[in-house]
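Where a number appears in this text, it was derived from the coordinates with a stated rule and is not lab data. Quantities reported herein were computed from a predicted structural model and do not represent experimental measurements. With ideal geometry, Cβ positions are generated from the backbone for all residues, glycine too; neighbour counts draw on all protein chains shown.
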Amino acid sequence: MLENIRSAYNVGSVFRTADAFLLEGIYLTGYTCTPPHKEIKKTALGAEESVDWKHFINATEAINELKKNGFKVYAIEQALNSHRLQLVNFSKEEKIAVILVMKLQVLSKAL
C-alpha cells in the first residue's frame, strides 16, 4: 500500500518491484497518483498493466479492507527505535500487507 507518495516515479518503481516479486497487488491511497500516468509508465516498464491495483480516498478504508481479507498490516518508515525489516520473522502462512507512507502518525489509529 502506498500512502500519499508524491513522486510518480517512485510509484512506478513500486509497480516494477511488485511485478518482480509476484505480489498480489498494490493499494494506492490519498494523493498517490494512479495509472495511467506518464511518470509511472516510465519507471514501471509495463508492470502497471500486469500488477493489480486499487485506489482508496484514504488509508483507513484500505487498511480496513486488507484486515477484512485476512491481512496483517505493517507500516514502514525510517525512524528512531524502528525495527529492521530484515529482522522481522514473518510466517509463511501469514498474509501480510506493507504500507509505505510519508507520515506514519496519521495512520496510527487505523493500524
- [ ] State, to one decimal in nm, how far the label point of Glu77 lies from the label point of His55, with both points 7 Å from Cα in the Cβ direction.
- [x] 2.4 nm
Task: the chain - charge dipole about Cα centre, Lys and Arg +1 at Cβ, Asp and Glu -1, debye rounded to 20 - done: 240 debye
Open item on the list: Percent of Cα-Cα pairs more than 19 Å apart in the chain, please.
Closed with: 45 percent
- [ ] Compute the relative contact order of the chain as a whole-number percentage, counting only Cα pairs closer than 8 Å that sit 6 or more residues apart in sequence.
- [x] 30 percent
